[in-house]
Amino acid sequence: MNRVRHRRGAEIEGAAARRFDLRRLLALIRKESLQAWRDPSTLLIAFVLPAVLLFLFAYAVSLDVRRVRIGLVLESQGASAQALAAAFAATPYLDVTFARDRRELTGKIVSGALRGYVVIPQDFEHRLAEPGGRPLTQVITDGSLPNTASFVASYAQGVVQTWRAGAGPEAPRAALVLEPRYWFNAELESRRSLVPGAIAIVMTIIGTMLTALVVAREWERGTMEAVLSTPASVAEILIGKLSPYFVLGMLSTLAAAGLAIFVFQVPLRGSLPALLVLSAVFMVPALGQGLLISSLARNQFLAAQIALFSGFLPAFMLSGFLFEIDSMPVWIRAITFLVPARYFVASLKTVFLAGDIGSVFLPNLLTMAAIGLVFFLLAKRATRKSLE
Amino acid sequence: MRPSDAPAAAAPRAGTEDAVVIDGVSKRFGAVWALRDLRARIRYGRLTGLVGPDGAGKTTLMRILTGLLAPDAGRAAVAGFDTVADKEAIPVATGYMPQRFGLYEDLSVMENLRLYARLRGMDAERNADLFAELLAFTRLAPFTQRLAGKLSGGMKQKLGLACALMARPKVLLLDEPGVGVDPVSRQDLWRMVQALTDDGMAVVWSTAYLDEAERCGSVLLLNRGELAFDGPPADLTGRLRERSFRLEGLGARRRAVLAEALDLAGVGDGVIQGAGVRVVLRAGAEAAPIRALAAREGARLAPAPARFEDAFIDLLGGGPGGTSALAEGMPPVDLASDVAVSCRNLTKRFGDFIAADNVSFEVRKGEIFGLLGPNGAGKSTTFKMLCGLLKPTRGEAHVVGLDLRRATGAAKSRLGYMAQKFSLYGLLSVRQNLEFAAGVYGLEGAARRERIGEMIAIFDLGAWLEAPPQTLPLGHKQRLALACALMHRPPVLFLDEPTSGVDPITRREFWTHINGLARKGVTVMVTTHFMDEAEYCDRVAMLYRARLIALDTPDALKRGAASAARPDPTMEDAFIRLVEAEDEAAA
């Protein structure tokens with residue numbers, strides 16, 4: 001008995017002296033997985049929340065403009081004016097209310113019932129007959145919704161031009177006819193670019209938010225102190241903490257991609273391995289950020305707040321997912337270079353809508369990995385100084 | 001438990017006499033010195049108490065010994081390893097149980113054990129004998145599949161201990177293992193630790209309860225980061241021999257006698273103990289004045305065994321005087337009825353869980369009434385129903401004759417409430433906190449200014465007026481909370497754990513005020529887990545598992561627990577006795 005005990009003692013000392021021990025790591029991973037599996041909020045955040053987000057972005061949020069309500073003031077009684085009015089009524093993109101006097105419509109613009117109106121002036125026939133020169137119609141739009149306003153303006157002009165090109169018999173033939181084609185998303189359906197972008201949001205939630213929360217919880221409940229007082233090294237503790245959430249994030253990505261392709265009919269023009277590699281590399285900065293937040297905050301409430309402001313919101317607004325980066329002011333554009341989601345969203349849009357394009361992926365992958373490395377180094381430093 | 005039941009400790013390293021050597025250790029956080037030039041040695045085979053009030057530096061020292069913190073100056077060695085240079089070896093040689101045990105609440109007992117075993121390089125399968133040994137030792141074998149979060153405080157503590165014992169450490173460090181644990185489980189833990197030290201292990205037990213120090217083989221007494229005493233507790237209490245007395249049989253006069261005794265020049269410290277008063281004379285003081293006081297009151301003056309807490313206060317130069325400036329300035333309370341607080345069949349359910357079950361009692365005007373019980377026994381629930389913060393599921397409660405269910409607002413304006421942890425507004429300054437309390441109770445104009453000024457003077461808050469409450473020392477925080485609760489001079493005062501973590505001198509001062517208030521006719525309701533504080537109460541209600549299991553004077557409760565083996569039981573003994581009787585009846 002005594003000898004057995006002695007031998008065991010030597011064994012323990014040997015294992016403990018090692019800085020990295022696979023069995024300790026596996027024990028930590030097992031513990032973390034059990035905890036994640038038993039905590040209903042983990043599964044809620046990893047699977048239910050992403051599904052809800054994807055459905056919202058696929059169905060509820062739409063950047064497309066359909067059946068915009070506008071007014072049409074028909075001041076002229078001429079046959080051509082009537083024909084143009086009919087052309088307006090026929091387009092599926094506009095919902096037209098007719099009036100004889102612009103005063104009838106001003107109130108409706110103010111109340112928001114109409115988004116703008118088009119005036120066909122009294123001398124319309126006369127202007128039409130003139131060779132070139134004066135504009136044919138006047139367009140008034142509601143500038144408080146800039147996107148819709150510019151849509152109304154350009155679409156109203158489009159209707160007039162089309163009508164003139166086709167129906168206007170005595171109209172001068174245009175020398176060139178512009179026929180635009182949109183690549184990658186021929187119908188300009190916003191869903192097709194939103195759904196891949198939403199995957200980046202989901203991954204940010206799992207990688208950054210969930211990680212920040214679970215690590216902060218260990219500090220809050222005092223278990224981190226207990227584990228730090230065992231022979232386990234900081235590297236083992238951190239890897240043990242993160243690997244289950246890495247796997248969870250990848251599973252969630254697969255589920256989200258499945259939903260995107262089979263339910264929302266978003267094409268996957270690139271390959272699945274490319275998508276998985278991109279997601280895996282994006283998990284590096286996402287997890288690193290979560291880890292850094294929790295080692296600084298060490299309190300679940302604060303960690304959630306910081307993760308929201310430094311992870312979720314930038315991924316939402318500064319990644320090019322919802323708002324195009326090119327239309328941002330220069331200094332905000334500069335900030336977006338620090339947001340890892342920016343590189344992931346660009347890559348996701350490419351892999352879904354364009355295909356496997358190495359020249360796009362490679363710089364993005366490298367940048368994400370570099371940002372991730374910085375986060376990890378900072379987090380390691382903050383954790384080593386542990387209890388100070 | 002026989003010593004042989006304990007898992008054997010590894011033999012100490014040859015050539016090292018001391019388990020722990022602390023050599024000139026200092027540590028500061030910002031401007032605050034947590035530890036200052038600490039020097040001490042801890043021996044193998046002995047239970048060493050690391051004793052001191054909150055903020056004394058106990059946890060900081062524990063963390064330095066486990067290598068989790070590095071000292072700013074000086075060095076520490078545990079089991080022969082330097083805590084900085086040989087940091088990697090510390091976790092192998094020591095077992096550490098942090099405050100709140102460091103358990104994963106969503107893992108089962110067995111999963112927690114396995115995790116800590118593997119982290120220490122052991123395997124449950126290959127070390128089945130060790131697991132069986134630990135489970136038998138902690139008596140956790142029947143609960144291996146239960147989630148740690150669903151264990152009682154006492155069982156959590158035993159599981160935490162089992163996890164810390166996993167690697168058969170030479171030195172076991174326990175950080176406040178007694179907090180949140182009922183007296184019965186604590187008793188169990190003492191027995192287990194005894195068995196471990198008998199096998200040669202060095203055990204360090206940190207605690208803010210000074211009475212726990214008396215059970216330790218040796219004590220390191222910390223006060224504000226400095227070592228106040230190092231040695232066997234009897235050495236310290238021995239200094240009070242011939243200076244510690246009990247005035248017996250005072251009855252209702254005891255509060256007045258205590259106040260008078262404390263104001264005598266030769267008396268350094270005194271507390272109420274049942275129907276009598278215990279006093280400690282200053283070193284070298286004459287016993288004649290106290291003899292005269294006893295003779296005048298017709299009380300018997302008997303020598304009494306000194307307690308560790310008395311010795312600590314003596315070490316710090318004695319406690320406060322006996323007169324409460326707060327109570328002096330207050331007019332006597334005038335109530336129509338003699339019953340200040342009453343409740344009948346008070347019951348509270350939270351879903352399936354019954355937090356309070358048919359609790360009934362009456363509290364007379366001017367009485368100090370204590371609610372005692374382990375965590376989760378229903379103290380706080382009962383308390384909250386009595387001051388209108390919680391609606392009872394069944395039964396009724398009255399405060400100064402007002403029904404709490406119908407006249408909640410009116411009843412609340414007649415009571416003062418001091419919540420656990422003092423609940424002050426952290427974003428307001430001390431002055432603004434006082435102004436808020438005055439405003440919320442409807443004080444205005446000159447009366448308001450005058451009352452606030454009075455509180456500032458009585459509680460000595462002048463230096464802190466513009467500071468936020470969290471920067472105050474704990475004792476001052478407690479004073480501020482009491483000032484806020486008393487702003488409207490309520491006839492009934494509710495105090496929920498008013499002295500947890502506060503140093504003993506501040507506790508004495510606090511009770512001086514409470515005694516003074518009671519003498520003016522203020523009714524005081526108090527919950528506490530300091531068993532000796534229950535002695536200040538006129539009557540004590542003991543709650544256990546949501547039910548009222550005893551209600552009597554402290555003396556009567558203690559008498560009930562007296563036996564041939566223990567002729568002079570403490571309140572804690574009485575409590576353990578009652579709980580055991582209750583458990584037997586239930587079984």
- prompt: When Cβ neighbours within 10 Å are restricted to other protein chains, what is their mean count per residue of peptide A:203-213?
  reply: 0
query: Between the helical axis of B:183-198 and the dominant principal axis of chain B, each derived from Cα atoms, what acute angle in degrees is found, rounded to the nearest 10?
result: 30 degrees
- line: FRET efficiency (B:Arg43, A:Arg381; Cβ distance; R0 25 Å; to 0.05) is 0.05
- prompt: In degrees between 0 and 90, to the nearest 10, how far off the longest principal axis of chain A does helix A:146-166 point, with axes built from Cα atoms?
  reply: 40 degrees
- request: Before rounding to the nearest 500, sum -39500 (n - 2.57) across all DSSP H runs of length at least 4 in chain B and divide by the residue total; then give [θ] at 222 nm in deg cm²/dmol.
  value: -9500 deg cm²/dmol
task: Could you go through the stretch B:21-33 in sequence order and give the Karplus-derived ³J(HN,Hα) for each residue, using 6.51 cos²θ - 1.76 cosθ + 1.60 with θ = phi - 60°, rounded to whole Hz, and x for Gly and Pro?
output: 10, 10, 10, x, 6, 10, 8, 10, 10, x, 8, 9, 7
query: For the stretch B:102-176 and the stretch B:356-423, what is the separation of their Cα centres, given in Å?
result: 39 Å
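Order the peptides A:228-236, B:30-38 from the highest to the lowest mean number of other Cβ atoms within 10 Å of their residues.
On the way: A:228-236: 21.6, B:30-38: 16.0.
The peptides rank, most packed first, as A:228-236, B:30-38.
Rounded if a/c is under 1.5, else prolate if a/b is larger than b/c, else oblate: which is the stretch A:68-166, with a ≥ b ≥ c the root eigenvalues of its Cα gyration tensor?
Working: a/c = 1.76, a/b = 1.49, b/c = 1.18.
Note, shape of the stretch A:68-166 comes out prolate.
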field: Karplus (6.51, -1.76, 1.60) ³J(HN,Hα), θ = phi - 60°, over the stretch B:485-490, in Hz, Gly and Pro reported as x
entry: 5, 9, 3, 9, 6, x
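Which whole-number percent is the relative contact order of the stretch A:68-166 (Cα, under 8 Å, 6+ apart)? Spell out each step's value before the answer.
Details: 138 pairs, mean separation 30.8, N = 99.
That works out to 31 percent.
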- prompt: Setting aside same-chain residues fewer than 8 positions from B:Lys558, which lysines have a Cα under 25 Å from its Cα?
  reply: B:Lys365, B:Lys379
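Subtracting the Cα-Cα distance from 0.36 nm times the residue separation, let me have the gained length for A:Ile261 to A:Leu22 in nm, one decimal.
Numbers: separation 239, 0.36 × 239 = 86.04 nm, distance 3.85 nm.
Using 0.36 nm per residue and subtracting the Cα-Cα distance, I get 82.2 nm.
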message: Under 8 Å for C-alpha pairs, at least 6 residues apart: give me the relative contact order for chain A, rounded to a whole percent.
response: 19 percent
- prompt: For the stretch A:325-330, in order, what is each residue's ³J(HN,Hα) by Karplus, 6.51 cos²θ - 1.76 cosθ + 1.60 with θ = phi - 60°, in whole Hz (x at glycine and Pro)?
  reply: 5, 5, 9, 8, x, 4
query: Label-point separation (nm) for A:Trp37 and A:Ser243, each offset 7 Å from Cα along Cα-to-Cβ?
result: 1.5 nm
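Give me the percent relative contact order of chain B, please, defined on Cα pairs under 8 angstrom at least 6 residues apart.
Details: 1203 pairs, mean separation 78.4, N = 587.
Dividing the mean separation by the residue count of chain B yields 13 percent.
Where both residues lie in the stretch B:140-280, what percent of DSSP beta bridges are antiparallel, nearest 5?
On the way: 14 of 19 bridges.
Antiparallel bridges make up about 75 percent of those DSSP assigns within the stretch B:140-280.
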query: Out of residues 5 or more away from B:Ser108 or on other chains, whose amide H comes under 5 Å of its own, with H placed 1.01 Å from N in the peptide plane?
result: B:Ala148
message: Taking each residue in B:97-108, count the Cβ atoms of any other chain within 10 Å of its Cβ, then average. What number comes out?
response: 6
statement: Simple SL model, points at 7 angstrom along Cα→Cβ for B:Ala295 and A:Val277; separation in nm is 10.1 nm
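Between B:Glu362 and B:Arg241, what FRET efficiency comes out of the Förster formula 1/(1 + (r/R0)^6) with R0 = 30 Å and r the beta carbon distance, rounded to 0.05? Kindly include the intermediate steps, with their values, before the conclusion.
On the way: r = 43 Å, r/R0 = 1.43.
So, using R0 = 30 Å, E works out to roughly 0.10.
Under unit Cβ charges (Lys, Arg +1; Asp, Glu -1), what dipole magnitude, rounded to 20 debye, does the stretch A:68-166 have relative to its Cα centre?
Values: 9 positive and 8 negative charges, 29 e Å.
Dipole about the Cα centre, nearest 20: 140 debye.
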message: Suppose R0 equals 30 Å. What FRET efficiency, 1/(1 + (r/R0)^6) with r the Cβ-Cβ distance, do B:Arg545 and B:Gln420 give to the nearest 0.05?
response: 0.90
- request: Enumerate by residue number the trypsin sites (Lys or Arg not before Pro) in the stretch B:165-264 meeting two conditions: DSSP loop (anything except H, G, I, E, B), and at most 11 other Cβ atoms within 10 Å of the site's Cβ.
  value: B:Arg241
- request: Mind pulling the angle between the C-alpha long axis of helix B:128-138 and the longest principal axis of chain B? Nearest 10 degrees, somewhere in 0 to 90.
  value: 20 degrees
- line: Quick calc: nm separation of the 7 Å Cα→Cβ label points for A:Leu362 and A:Met328 -> 2.6 nm
field: Among B:Ala438, B:Ile514, B:Pro183 the positive-end extreme of the charge dipole of chain B (Cβ point charges)
entry: B:Ala438
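Every read-out reported here was derived from the displayed coordinates using simple, explicitly stated rules and does not represent laboratory data. These numbers were taken from a predicted model, which means no experiment stands behind them. So basically every Cβ, Gly included, is an ideal-geometry build from the backbone, and we count neighbours across all protein chains shown.
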